[in-house]
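**Student:** Okay, here's the structure, questions in a sec.
The values are calculated or read from the model by the stated rules, or taken from the named source; none is laboratory data. Here the structure is a predicted model, which means the values were calculated and not measured. FYI the Cβ positions are ideal-geometry reconstructions off the backbone, even for glycines, and counts take in every protein chain you see.
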Amino acid sequence: MVTDQPALETVWAWLSAVPDPEIPVISLTDLGIIRDVAWDDDTLVVTVTPTYSGCPATSIINLDIETALRAKGIEKLSLKRQLSPAWTTDWLTDTGRAKLEEYGIAPPQPAGGPKQCPLCKSTQVEKISQFGSTPCKAQWRCQSCLEPFDYFKCI
Amino acid sequence: MSDPLFEYLCRLGDNTLVLGHRVSEWCGVAPVLEEDIALANVALDLIGQTQLWLGLAGEVEGDGRDADRLAFHRDVWDFRNVLLVEQPNGDFGQTMMRQFLFDTWHLSMLKALAGSSHEQIAAIAEKSVKEVTYHLERSTDTVIGLGDGTEESHDRMQKALDRLYPFVGEMFLSDDIDAAMVTQGIAPDPASLRKAFDAQLDAVLAEATLTKPADDFAHKGGKTGARHTEHLGHMLTQMQWLQRAYPDASW
C-alpha cells in the first residue's frame, strides 16, 4: 500500500524538537510526557500525560504539540490525555537530565535531594523548601557558593 | 436523588476545590516568600485535582456540565465538601493546622482510591497521591515546628487545633452514598480510615507538644449538603464573582 503518512519515528523526531514551555532547554520527549504516538486510520493520535495535575503548562504543551505537527502538514490530529501510569521523574531522559544541570536546575535523584550544586558542583547543599517556582521544582541552597538553586523534585 | 457516583465525585472535587480556593487566598500575603510559594503550589495541585474530579463528575452525570460549570454555577446548598475545608484561613498557624488535618485524611483516602474498581477514579487517585505526599510532608513539618516552637507559636497552634478539631469527625462519617461506593468496590468506607488517622495524629501532636481536645463532638452537614457553615457562602461570592456578574463569560 502506498501511503504518504509520515513514519512514527519521524513524528517522534518532530516532537523531540518541541521545547518544554517552562524549561525550554529540554524537549517534551526529554521530559517523558509523550507516552505514545500512533496512527488510527488517517488520524495521528498523540498520548500525553501531565506532570502535575494543576500544572498550567499542560494546556500550553498541548497547543505547542498541535502547532508543531500542523506545521509539518499533519491535518487530522487527536491529543489523548493519559493519567495512569502517573508521570514520574524516572521518565526524564539522560539527555534531559544533563541539559537541566547545565541550565542550572539540579536533576532529580533517587535519594530525594540534589547530588550537587548545579553551579559550583559542591555537595554541601541544603533544602529551603519542597515547593519552588513551578510545581515540579523545590528550592535548595548551596552552602559553598551560597547560591540558591532549583531542584527538579522526584515524584 | 441523583446518581450516588455523581454525588461521591462532587464530594471529592468540592473538597479539593474549596480548600484549593481557601489556600490560594494567601497568594501574595503569606508571612514569608517561601511559604507564599508553597501555599500557591498546594492550591494549584488541589485545583488541578478538582478539574479531574469534577470533570469526571460531569461526564458521569451526562447533562453536559463540565468542571467549570460545576465549580462556578452551583450555589452553597449544592456543594458537598466537608466543613473543615471551608473554615476561614485565620492566621498562618490555623491554615497549616487545617491543611495537616485534611492532608492526613486525604492521603490515606487517595491511597485507598488508587485501588478503586473504577478505572478513572483509580487513575486520578494514583496521580494525586504523588502530589499530596508532598503536601502532607510540609504540613506535618510545619505543625511540629510551630507547635514545638516559641510560646507564642505553640499557643496559636493549640488554639488552631481546638478551633478545628470539631470538624475532623465529619471526614470519617459514612452514609448511604459511601455504602453504595463500598458495595461496588469504588471507594472505602471512610470510617475504616479513622484508626490509622488517629494514630498518625497522636504521633504528630506528641512531637508538636500539642494536646488533642478531649471532646470528640463533630459538626456535620457539609458532605451531605444538609448544612454548610456560614463561611462557604461568603467564599463563593468571591470565587464565583465573575461567573455571577457575567454568566458564561470565557477567555
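**Student:** Looking at residue A:118, is it assigned to a loop (DSSP other than H, G, I, E, B), in contact with a helix residue (DSSP H, G or I) (Cβ under 9 Å, 6 or more places away or on another chain), away from chain B (no Cβ under 14 Å) and surrounded by 13 or more Cβ atoms within 10 Å (Cβ to Cβ)?
**Tutor:** So residue A:118 fits the description; yes.
Residues are listed down the side, and each one gets a yes or a no for (1) over 23 Å from residue B:56 (Cβ atoms); (2) under 17 Å from the mean Cα position of the chain (by Cα):
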| site | (1), (2) |
| --- | --- |
| B:164 | yes, yes |
| B:174 | no, yes |
| B:179 | no, no |
| B:184 | no, no |
| B:187 | no, yes |
| B:199 | yes, no |
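**Student:** Still on this structure, I have one more. Answer yes if at least one residue in the range A:65-85 is outside the structural domain of residue A:45 (by TED's automatic domain parsing), among the polar types (S, T, N, Q) and within 22 Å of residue A:22 (Cα to Cα), and no otherwise.
**Tutor:** No - not one qualifying residue is present in the range A:65-85.
**Student:** Condition (residue is surrounded by 24 or more Cβ atoms within 10 Å (Cβ to Cβ) and within 14 Å of chain A (Cβ to nearest Cβ)) applied to the range B:97-105: is it met by at least one residue?
**Tutor:** Yes, that holds for at least one residue.
**Student:** Can you work out which of the residues in the range B:193-251 that are part of a helix (DSSP H, G or I) and among the small types (Gly, Ala, Ser) is surrounded by the fewest Cβ atoms within 10 Å (Cβ to Cβ)?
**Tutor:** Ranking the candidates gives B:245 first.
**Student:** Taking into account only those residues within the range B:72-92 that are surrounded by fewer than 23 Cβ atoms within 10 Å (Cβ to Cβ) and of a type in the set (Phe, Trp, Tyr), which is nearest to residue B:30 (Cα to Cα)?
**Tutor:** That would be B:92.
**Student:** Quick one: which residue in B:152, B:126, B:137 is surrounded by fewer than 16 Cβ atoms within 10 Å (Cβ to Cβ), within 14 Å of chain A (Cβ to nearest Cβ), at pLDDT 95 or above and part of a helix (DSSP H, G or I)?
**Tutor:** On inspection, the qualifying residue turns out to be B:137.
**Student:** Of all residues being more than 7 Å from chain B (Cβ to nearest Cβ) and polar (S, T, N, Q) in the range A:123-132, which is farthest from the chain's Cα centre (by Cα)? Just the residue, please.
**Tutor:** A:124
**Student:** Something else about it: Which members of the range A:133-155 meet the condition of being part of a loop (DSSP other than H, G, I, E, B), of a type in the set (A, V, I, L, M, F, W, C) and either in contact (Cβ under 8 Å) with a residue 12 or more places away in the chain or within 9 Å of chain B (Cβ to nearest Cβ) (or both)?
**Tutor:** A:136, A:145, A:154, A:155
**Student:** When you go through (1) in contact with a Leu (Cβ under 9 Å, 6 or more places away or on another chain); (2) exposed (fewer than 15 other Cβ atoms within 10 Å of the Cβ); (3) part of a strand (DSSP E or B) one by one for residue A:36, which number turns out not to apply?
**Tutor:** (1)
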